[in-house]
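Next up is a structure, given as structure tokens.
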Amino acid sequence: MATSPSAHLAPVRSLARRPVEGEDASGPLAYDFRRPTKLSRDHVRALQMCYETYARRVTTLLTSGLRQLCQVNLVAIEHQSYEEYISTLAPTTILSVLDMGPLPGTALLEFSVPTALACVDYLLGGPGGDQPTRQLTDLESGLLRNLIEQMLSVLRYAVEPTIGLDPVLRGLEFNPQFVQAAGASDGVIVGSFQMRVGNQVCVSTLCVPFAALLPRLQVGKEGRAQSPAEQLAEQQAAQQVRAALGNVPVEVSLSFAPVQLTPNEIVRLEPGDVIPLRHQVTTPLMVTSGGITFAHALAGRQGSRLAGLVVGNNRRNNP
């Protein structure tokens, strides 16, 4: 009886790639002790949920858009070096080069050329069938770009709760050797998906730099960790907000200390009644704005107008 691919995902081994249909699943799995994985079980589970959501929604997208039976299943999540990842790709394949804003670095979405040509054929109303392995024409590339951008919108939705990735298609490449998305020894997280489009079956991969992805998966006491680029962007945004709000007029009032009255006393108030303020003459008035006391002032005059002389503030207590 066939089982769901996600049911066999190794929680944190070497995250070695599991075989897809037709491959031998028996035998030991290699583990590189020189580069142990740094992803915890929780990190792997978070990625697994995101990628499974992506697989389900892409299945719906392709089936409805191509009007053919399509299926995308998560196969494995691997921690590799970039050189190892590139070496596993076919000499001619579809490589979508992605900007990952707000994360630094470059991501790659890859699947086979015959699968891409089958998608284009179905988009044009063709029957699909066997497809050659060749570079795409300008017309085919344009149609494929539109389809990939729709897939990226699904990916954006799937990873938003955990990673907050906003992938944008930068370009298409056909030779993996011409793409230098990371250093040869840099770590990458590779999600593998079994992708079936009509009669075409391939393994599609999503490669994301490990260094950029890990801070988004780490959740500490103060919330999700941020990369240096994100911290700089947050600081710049805070400076822009402060600069924009610096000239916004706000209402400021000088007030006496509040007086407490019972409901019965308030109900019995009539014109002419006197309410003792109980505010000492030598006690400064409170300078408030928006219900927050940020300074104290003495009542006085400036010419013919009433004024207040600020004698202290509460900035340390009320930033």
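The values are calculated or read from the model by the stated rules, or taken from the named source; none is laboratory data. In this text, all values refer to a predicted model and were calculated from it rather than measured experimentally. All Cβ positions, glycine included, derive from the backbone under ideal geometry; neighbour counts span all protein chains shown.
Within the range 232-274, how many residues turn out to be within 25 Å of A295 (Cα to Cα) and either surrounded by 10 or more Cβ atoms within 10 Å (Cβ to Cβ) or in contact with a Lys or Arg (Cβ under 8 Å, 6 or more places away or on another chain) (or both)?
Adding up the residues that qualify gives 11.
Given the criteria surrounded by fewer than 16 Cβ atoms within 10 Å (Cβ to Cβ), modelled with pLDDT of 70 or more and at positive phi, does R41 qualify?
Numbers: surrounded by fewer than 16 Cβ atoms within 10 Å (Cβ to Cβ): yes; modelled with pLDDT of 70 or more: yes; at positive phi: no.
Here the answer is no, as R41 does not meet what is asked.
Scan the range 182-193 and report the pairs whose first residue is in the same structural domain as L206 (by TED's automatic domain parsing) and whose second residue is part of a loop (DSSP other than H, G, I, E, B) and not charged (D, E, K, R), with Cβ atoms within less than 6 Å and a gap of 6+ or a chain change.
Qualifying pairs under 6 Å: none.
If you don't mind, there's one more thing I want to ask. Within the range 171-181, count every residue that is surrounded by fewer than 16 Cβ atoms within 10 Å (Cβ to Cβ) and either touching a residue at least 24 places away in the same chain (Cβ under 8 Å) or not assigned by TED's automatic domain parsing to the domain that holds F210 (or both).
3
To continue, here is another question. Do you know which residues across the range 219-252 are polar (S, T, N, Q) and either at pLDDT 70 or above or in a strand (DSSP E or B) (or both)?
Correct list: Q231, Q235, Q236, Q239, Q240, N247.
Could you look through the range 89-104, keep only residues that are at pLDDT 90 or above, touching a helix residue (DSSP H, G or I) at 6+ places or on another chain (Cβ under 9 Å) and not small (G, A, S), and pick out the one that is farthest from A116 (Cα to Cα)?
By that ranking, first place goes to L98.
Would you check if there is a residue in the range 91-110 being assigned to a helix (DSSP H, G or I) and either in contact with a Lys or Arg (Cβ under 6 Å, 6 or more places away or on another chain) or surrounded by fewer than 21 Cβ atoms within 10 Å (Cβ to Cβ) (or both)?
Scanning the range 91-110 turns up no residue that is assigned to a helix (DSSP H, G or I) and either in contact with a Lys or Arg (Cβ under 6 Å, 6 or more places away or on another chain) or surrounded by fewer than 21 Cβ atoms within 10 Å (Cβ to Cβ) (or both).
Taking the condition in a loop (DSSP other than H, G, I, E, B) and touching a Ser or Thr at 6+ places or on another chain (Cβ under 9 Å), does P127 pass?
No.
Taking the condition within 19 Å of L217 (Cα to Cα) and either crowded, with 17+ Cβ neighbours inside 10 Å or of a type outside the set (V, I, T) (or both), does G187 pass?
Yes, satisfied.
May I pose another question? Counting only residues that are under 23 Å from F210 (Cβ atoms) and among the acidic types (D, E), which one in the range 129-170 is surrounded by the fewest Cβ atoms within 10 Å (Cβ to Cβ)?
The extreme case among them is E160.
Residue by residue, here is whether (1) small (G, A, S); (2) within 30 Å of A237 (Cβ to Cβ); (3) within 28 Å of the chain's Cα centre (by Cα) holds:
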{"residue": "T88", "(1), (2), (3)": "no, no, yes"}
{"residue": "D99", "(1), (2), (3)": "no, yes, yes"}
{"residue": "P104", "(1), (2), (3)": "no, yes, yes"}
{"residue": "V120", "(1), (2), (3)": "no, no, no"}
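Is it true that A307 is part of a strand (DSSP E or B) and modelled with pLDDT of 85 or more?
When the stated conditions are applied, A307 does not pass them.
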